[in-house]
1. From the backbone phi of region 70-75, what are the Karplus-calculated ³J(HN,Hα) couplings (6.51 cos²θ - 1.76 cosθ + 1.60, θ = phi - 60°) in whole Hz, Gly and Pro given as x?
2. Exactly which GluC sites (Glu not before Pro) in region 1-41 are in a DSSP loop and have at most 13 other Cβ atoms within 10 Å?
3. Between Thr77 and Glu7, with labels modelled 7 Å along Cα→Cβ, what's the label distance in nm to one decimal, could you check?
4. Given the Cα-Cα distance of Ser56 and Ser28 and 0.36 nm per residue of separation, how much length would full extension add, in nm?
5. In the chain, what trypsin sites (Lys or Arg not before Pro) fall in a loop by DSSP, with at most 10 other Cβ atoms inside 10 Å?
6. Tilt of helix 49-64 relative to the longest C-alpha principal axis of the chain, in degrees (0 to 90, nearest 10)?
7. Tell me the Kirkwood hydrodynamic radius of region 11-74 in angstroms, computed as one over the mean inverse distance between distinct C-alpha pairs.
8. Find how many whole Å separate the alpha carbon centroid of region 8-40 from the alpha carbon centroid of region 41-59.
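Every number in this text was worked out from the coordinates using simple rules, so none of it is lab data. In this text the structure is predicted, and so the values were computed from the model without any measurement. Ideal geometry is used to build each Cβ from the backbone, glycine not excepted, and the neighbour counts take in all protein chains shown.
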Amino acid sequence: MKLMPAENLISDKEYIAQLEGIGFVDVSLEDITPDVFPGFVKFLKGRKWGWWVFGSVIDWYAHAGAKFVIISGRKPT
């Protein structure tokens, strides 16, 4: 069930390091997983059968460690 490319599966620290590596500073990452996954999965599972299956896959991803994050930083001028 490859919903995303393997190269997108990185840790928080790797993600921040990549942004800093291309010149961003004051990089911060906020994990909003608990605010997103439960409602998203509930929404999907409340739809027709195919969406329920997709919701189950997303739920599996959440339990496997997938995250929704907000990341911010700035690039000095």
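1. So the J values, rounded to whole Hz, are 10, 10, 9, x, 9, 10.
2. Details: sites: Glu7, Glu14, Glu20, Glu30; in loops: none.
Listed in order of number, the matching sites amount to none.
3. 3.2 nm
4. That pair, Ser56 and Ser28, stretches by 7.1 nm at full extension.
5. Numbers: sites: Lys2, Lys13, Lys42, Lys45, Arg47, Lys48, Lys67, Arg74; in loops: Lys2, Arg47, Lys48, Lys67.
Sites meeting the loop and neighbour criteria: Lys2, Lys48.
6. Taking the Cα atoms of the chain, the angle to 49-64 is about 40 degrees.
7. Result for region 11-74, one decimal place: 13.2 Å.
8. Spelled out, the Cα-based centre of one part sits 25 Å from the other.
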